[in-house]
Amino acid sequence: MRILAIDTATRGTSVALDEFELRDDPPAGERPRHTTRLMPLIVEVLERTQTEWSAIDRIAVGVGPGTFTGLRIGVATARSLSRARGIPLVGVSTLESLALNASGSDPAARGSDAPDAEAVLAVLDARRGEAFAAAWELGEPRRQLLAPGAFAPEELAERLTGFAVRVLAIGEGAVEFRAVLGHTGALIPADGSTLNRVTAINHALLARAPAATDPNEIRPDYLRLPDAELTRLRTHRQ
């Protein structure tokens with residue numbers, strides 16, 4: 001099965017066909033470039049792998065959680081391509097995909113980042129001083145230890161102290177809140193480690209098993225209300 005996968009949940013834009021990936025990661029301080037880079041990356045991936053649209057069996061897209069604008073761009077693009085090309089579409093959890101960076105490799109492959117970790121905590125920076133996070137046991141079967149949610153760093157650290165296993169915390173959120181999460185004994189990779197990076201390659205792996213969905217049913221999973229909606233609710237209450 002050949003799967004074209006895309007992710008725009010974080011600042012980076014990632015496009016993969018099976019295990020071949022191209023990505024755009026803006027320098028620190030610059031805005032994401034999903035709008036201008038997503039479609040060119042899709043075209044380039046197909047050209048460099050010499051793949052026709054007719055050879056693609058399904059499309060996978062990261063549905064979040066993540067940035068509101070990024071998710072809307074990625075999901076809208078995937079839905080449009082699915083309908084236009086008649087290719088089945090699968091939505092993938094960004095947190096589960098991120099966790100696969102660790103759970104898909106053995107302890108030796110993780111090296112000094114997590115030589116004895118028994119669980120992985122996937123953490124994304126949710127802004128507003130919060131983190132999107134979820135946790136799974138490493139190995140098979142993968143039991144979920146923490147359901148996806150938006151947490152204050154201190155609340156997330158408190159949840160971690162209740163785990164009876166050694167945890168590897170990965171992702172931009174783990175880096176952002178290293179000082180708080182590190183006090184729990186969680187292992188956190190170096191800032192530039194590839195373990196912290198969301199990759200569409202993992203989306204393709206996760207999209208093999210589930211049944212494809214009607215493109216109209218694929219929607220972003222924000223996990224919390226957008227800023228504009230929160231402002232409206234606060235104004236209404238006042």
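Taking the C-alpha atoms only, the angle from helix 227-237 to the longest principal axis of the chain is near 60 degrees. Can you give me the Cα centroid spacing of the range 1-62 and the range 147-186 in angstrom? Taking the Cα centre of the range 147-186 as reference, the centre of the range 1-62 is 29 Å away.
Computing FRET efficiency as 1/(1 + (r/R0)^6) for Met1 and Arg219, where r is the C-beta to C-beta distance and R0 is 22 Å, gives about 0.40. Note on Arg83 and Met39: the extension gain reaches 14.3 nm, defined as 0.36 nm multiplied by sequence separation minus the Cα-Cα distance.
Can you give the % of DSSP beta bridges in the range 106-196 that are antiparallel, to the nearest 5? The antiparallel fraction comes to roughly 70 percent. Computed over the chain with a Gaussian network model linking Cα atoms closer than 10 Å, the most mobile of Arg142, Arg79, Arg11 is Arg142. For the chain, the relative contact order comes to 23 percent (Cα pairs under 8 Å, sequence separation of at least 6).
Spin-label model, Ser193/Glu52: points 7 Å from Cα along the beta carbon direction are separated by 4.4 nm. Between Arg31 and Ala152, the C-beta separation translates, for a Förster distance of 41 Å, into a calculated FRET efficiency of about 0.95.
Measuring r between the beta carbons of Arg143 and Arg208 and using R0 = 25 Å, the FRET efficiency lands at 0.75.
Taking Arg83, Arg33, Arg128 as the candidate residues, the one with maximal mean-square fluctuation in a Gaussian network model of the chain, Cα springs under 10 Å, is Arg128.
All C-alpha to C-alpha distances of the chain, sorted into 10 Å bins beginning at zero, yield P(r) values of 8, 32, 34, 20, 5, 0 percent in whole numbers.
No value in this document is a laboratory result; all are computed from the given coordinates. Since the structure is predicted, the reported quantities are computational estimates derived from the model, not experimental observations. Quick reminder, even Gly has a Cβ in these numbers, built from the backbone with ideal geometry, and neighbours come from all protein chains shown.
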